[in-house]
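Here, each number is a calculation from the coordinates, and none is a lab measurement. As the structure is a computational prediction, the values presented were derived from the model and not from experiment. Methodologically, a virtual Cβ is constructed for each residue, glycine included, from the backbone with ideal geometry; neighbour enumeration extends over all protein chains shown.
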Amino acid sequence: MANTPQAKKRIRRNSRREDINHSRISRIRTFIKAVESAIAEGKKSDAAEALKKAQPEMSRGVARGVIHKNTAARKISRLSKRVASLG
């Protein structure tokens, strides 16, 4: 158990940050799922629009330290490739 005031504050802060970070990750996943569902339906314009909304969300996650830079780049690249391949 934490004994020092600093350690107790750290526990409180970590708990708050965990909630915030979890909601950010969840929001990013929601945007990604919107792109994937549009791809699955074969709607290129909807998928492109959803991807355009998902990209800044992923970039924001990188800036906040929620996801790694390379992870976001990889996901954006793969989704872009899938959207472009739609007929």
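Pairs only if they're at least six apart or on different chains, beta carbon under 6 angstrom, first in region 1-16 and outside any helix (DSSP H, G or I), second not charged (D, E, K, R); list them, first residue then second. What qualifies is A2/I11.
Residues in region 78-87 that are over 13 Å from A34 (Cα atoms) and touching a residue at least 24 places away in the same chain (Cβ under 8 Å): S80, R82, L86, G87. Within region 17-64, the only residue that satisfies the criterion of being surrounded by 11 or more Cβ atoms within 10 Å (Cβ to Cβ) and not in a helix (DSSP H, G or I) is K43. Scanning region 66-87 for residues that are over 18 Å from T30 (Cβ atoms) and either touching a Cys at 6+ places or on another chain (Cβ under 9 Å) or surrounded by 11 or more Cβ atoms within 10 Å (Cβ to Cβ) (or both) gives H68, K69, A73, R74, S80, A84, L86. Only one of the listed residues (R64, R60, R82) is in contact with a helix residue (DSSP H, G or I) (Cβ under 9 Å, 6 or more places away or on another chain), more than 25 Å from S23 (Cβ to Cβ) and of a type in the set (K, R). That residue is R82. When you look at K75, is it in contact (Cβ under 8 Å) with a residue 40 or more places away in the chain and not in a loop (DSSP other than H, G, I, E, B), yes or no? In short, yes.
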